[in-house]
Ligand code: BG6
């Protein structure tokens, strides 16, 4: 498939995301020869940089963030010849003519991608300016970084402003979790195998746990993070998307280009979001835990009541999942960097091994998204030896590292390629984003109304004990990674 050249314009071109993720992602594509011929990468920022100085900045970022054995002089050189910088303050009227001059390529078929790696209140104004300059055509695409707004009303405003200029099919809302190999593999595990689907329901599943645990703190992102907090930063998007992929019905198919039935997956995810039992009022107090690591205020430079940890209990009210708890938790400065999904199955209906009375080893499927991508099916085996039958926990494991020679691409590599190819399946549709905000918002409101302070937890631990109690109350516990 030969793709037309792409003018890939990144607003926020000197920002953390551009330098740590986007440029390295584009570099990997360059290395594999996947960037369409004639493609240019235009970093837009307020910094007064010319092309040469921006290229220096980008080179440094690549040295810092690309795996050493992937750094190849030829590919680096080829990428650099594509890179340009344009100084522009997205909030002011100046500098846009220069962008127009750069992007107008007469007579050539060019796909223009506008990547908005800036605060979402600038999305509307940027789209308007691009439109005024005649830089928006049906071949253009716009990529929106999260968070899109900070609640339902503001996300609607942002989506309206973008939707005023771009059609929904041109809008690519990034959730980089959907670009992770292990997350896509979840779809394959569920739907390219037959043995799971018959037991993937409330009849056989006891509960589901989704954990995204990070060891990093907020670092230099305090200004953004302190306004957002873990619920907006991680749960509204990444964790709910994971929940959707676990809980959704089989889509008719996966993949496809714009204009085909690529929406099958997104339709199914949306149904899950809409089936989430609303958490409102006092239910929020029972079903959620807010935490903050004890050194957060110090790191930030001022005291704060923003949460850096959330645990919550959700339910999907439909035929398949009625009554099955979905426990979600995520936090910063925890003991481990680890993202897992655990599907815990029920006990066998009848205990028939007398020597193992009281031994409980229910089956569980652990999907490890990172690190060490893979999965483990926890089973029960007979402990070897004469005499009675003693039950023993055992497991079947699959690791990507042992199974495949290829390394898993970084999520942004995959997603940026999808943007250039125009494949929106792994991006969030407007209705999904808004449904997710709609579910999250009453939780935020309740926390605000009751002025609930986050419980402190020590850095390096598994988070506040209240998160353990959330499950212990129902006779369950969080699973560690095995
Ligand atoms: C981002 C959040 O979306 O995801 C960050 O804004 C978080 O706060 C990051 O650290 C986690 O991503 P990953 O891929 O490292 O799990």
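Using the average count of surrounding beta-carbon atoms within 10 Å as a protection proxy, the listed peptides 323-335, 41-53 rank, highest first, as 323-335, 41-53.
For a test of the definition: using alpha carbon positions, the gyration tensor, and the 1.5 limit on a/c, classify segment 93-146 as rounded, prolate or oblate. Oblate shape, in that a/c is at least 1.5 and b/c is the bigger or equal ratio. Here 294, 59 are placed in order of increasing Cβ neighbour count within 10 Å, fewest first, which gives 294, 59.
Based on the Stokes-Einstein relation at 20 °C and a viscosity of 1.002 mPa s, and on the Kirkwood radius from alpha carbon pairs, segment 351-448 is assigned a translational diffusion coefficient of 115 µm²/s. In plain terms, the chain from residue 169 to residue 199 could stretch by 7.2 nm, reckoned as 0.36 nm per residue minus the Cα-Cα distance. The overall shape of the chain is prolate: from the C-alpha gyration tensor, with semi-axes ordered a ≥ b ≥ c, the ratio a/c is 1.5 or greater and a/b exceeds b/c.
From helices alone, the chain scores -9500 deg cm²/dmol at 222 nm; the rule is -39500 (n - 2.57) for each run of n ≥ 4 DSSP H residues, then divide by the residue total. Shape summary: segment 116-186 maps onto an equivalent ellipsoid whose semi-axes, from the alpha-carbon gyration tensor, are 23, 16, 10 Å in decreasing order. The packing ranking of peptides 93-103, 221-231, highest mean first, is 221-231, 93-103, where packing means the average number of other beta carbon atoms within 10 angstrom of each residue. Between the beta carbons of residue 3 and residue 267, assuming R0 = 22 Å, the FRET efficiency works out to 0.25 to the nearest 0.05. Taken along the Cα-to-beta-carbon direction at a fixed 7 Å, the label points for residue 157 and residue 404 span 4.2 nm.
Pairwise Cα distances in segment 294-383 exceed 17 Å for 69 percent of all pairs. Could you tell me the calculated FRET efficiency between residue 137 and residue 102, based on Cβ-Cβ distance and R0 = 25 angstrom, to the nearest 0.05? E(calc), rounded to 0.05, equals 0.95. In this simple spin-label model, placing a label point 7 Å from the Cα along the Cα-to-Cβ direction at both residue 46 and residue 456 gives a separation of 3.5 nm. Indicate the gyration tensor shape class of segment 341-405 (rounded, prolate or oblate), computed on the Cα atoms with a ≥ b ≥ c the square roots of the eigenvalues: a/c under 1.5 is rounded; otherwise a/b larger than b/c is prolate and the rest oblate. Because a/c hits 1.5 or more and a/b fails to exceed b/c, segment 341-405 counts as oblate. What is the antiparallel percent of DSSP beta bridges lying wholly in the chain, to the nearest 5? Percentage antiparallel, nearest 5: 55. Computed over every Cα-Cα pair of segment 114-242 and binned at 10 Å starting from 0, the pair-distance distribution P(r) comes out as 10, 32, 28, 21, 8, 1 percent. Grouping the Cα pair distances of segment 1-150 into 5 Å bins from zero gives a pair-distance distribution of 2, 9, 20, 23, 20, 16, 8, 3, 0 percent in increasing distance order.
The numbers here are math on the coordinates, done by the rules we state, and not lab data. This structure is a prediction, so every number in the text was calculated from the model and none was measured. With ideal geometry, Cβ positions are generated from the backbone for all residues, glycine too; neighbour counts draw on all protein chains shown.
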